[in-house]
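The values are calculated or read from the model by the stated rules, or taken from the named source; none is laboratory data. What you are looking at is a predicted structure, and each value in this text was computed from that prediction instead of being measured. Using ideal geometry, Cβ is built from the backbone for each residue, glycine included, and neighbour counts are taken over all protein chains shown.
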Amino acid sequence: MVSDLISPTSNTWKENVIKSVFDRNQANRILCVPLPNIALPDTVIWRGERTGEFSVKYGYKMLNDCIGDDPSRHLHSEQHVFFNKLCQANIPSIIKITVWRFAKNYLLCNGGPESVDHLVQQCEVSVQVFAALHINLPTRPLDQQWLEWLSHFSLSLSLSDCIILFIAIWAIWGLRNKIMHNNNRIDLPSLLTFIKSYARDYAAAQPSISPTISSLDERWHPLLSIC
């Protein structure tokens, strides 16, 4: 440790020890480092700020600078767009949570993992539902994570199309659970009707926000004389 190279009594470098451990060039560099005259307790210093204190703002800036032209930066940008659309979507939280779990490939059934591959690209019902909704899901490469795949695909969709996709994922997952636990039969027309009507009815039930800008003419006018 560095403290082993400093004399605790005089608070100076142990020159003999340093020269015996390091070569001449390294030893000279170490000995050139100034030490305080008074021994002080070790303190964590953040060199990124003049105050020596870490700030999230500057840490984020340094992280972006370090990433630079890293190809993964584009991937993170796509995921950022996807999660923004998921947050902006005017749908219940239960649907957003289901989509998030879907993107993370973490859907549970009877205590065991459910394959998103099967749910989306191998299940005939899912394929027919997406086709009927005019959602052309691309095939996911084997080396691509589901979050990457969904983030990239969502770039080509409008927010309204994303909402339909999110509701469809949630509805298919719900139907799958009903079939597994309640022995419900598959009714594709009813499922499609439910997805479309749910998106339409839920959006219509939300209160509209009126513009905050007044339509009155608020320009300044000189006061009229009362005399």
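Going by the conditions given, is residue 185 in the same structural domain as residue 85 (by TED's automatic domain parsing), among the basic types (Lys, Arg) and closer than 23 Å to residue 77 by Cα? Judged against the criteria, residue 185 is not a match. Cβ-Cβ distances below 7 Å connect the following pairs, each with a first residue in segment 173-184 that is over 14 Å from residue 123 (Cβ atoms), a second residue that is at pLDDT 80 or above, and a separation of six or more residues or different chains: 184/178.
The helices (runs of 4 or more DSSP H) located wholly in segment 45-122 that include 3 or more residues which are at pLDDT below 70 occupy 56-67, 72-88. In segment 4-23, of all residues being in a helix (DSSP H, G or I) and acidic (Asp, Glu), the one that is farthest from the chain's Cα centre (by Cα) corresponds to 15. Taking segment 156-185 as the range and being part of a loop (DSSP other than H, G, I, E, B), closer than 17 Å to residue 133 by Cα and polar (S, T, N, Q) as the test, the residues that pass are 156, 158. In segment 128-162, what residues are farther than 21 Å from residue 192 by Cβ, surrounded by 15 or more Cβ atoms within 10 Å (Cβ to Cβ) and either of a type in the set (A, V, I, L, M) or outside the structural domain of residue 192 (by TED's automatic domain parsing) (or both)? 147, 150 - these are the residues of segment 128-162 that are farther than 21 Å from residue 192 by Cβ, surrounded by 15 or more Cβ atoms within 10 Å (Cβ to Cβ) and either of a type in the set (A, V, I, L, M) or outside the structural domain of residue 192 (by TED's automatic domain parsing) (or both).
For segment 123-137, how many residues meet the condition of being modelled with pLDDT of 85 or more, under 14 Å from residue 186 (Cα atoms) and in a loop (DSSP other than H, G, I, E, B)? Going through segment 123-137 one residue at a time, the tally reaches 0.
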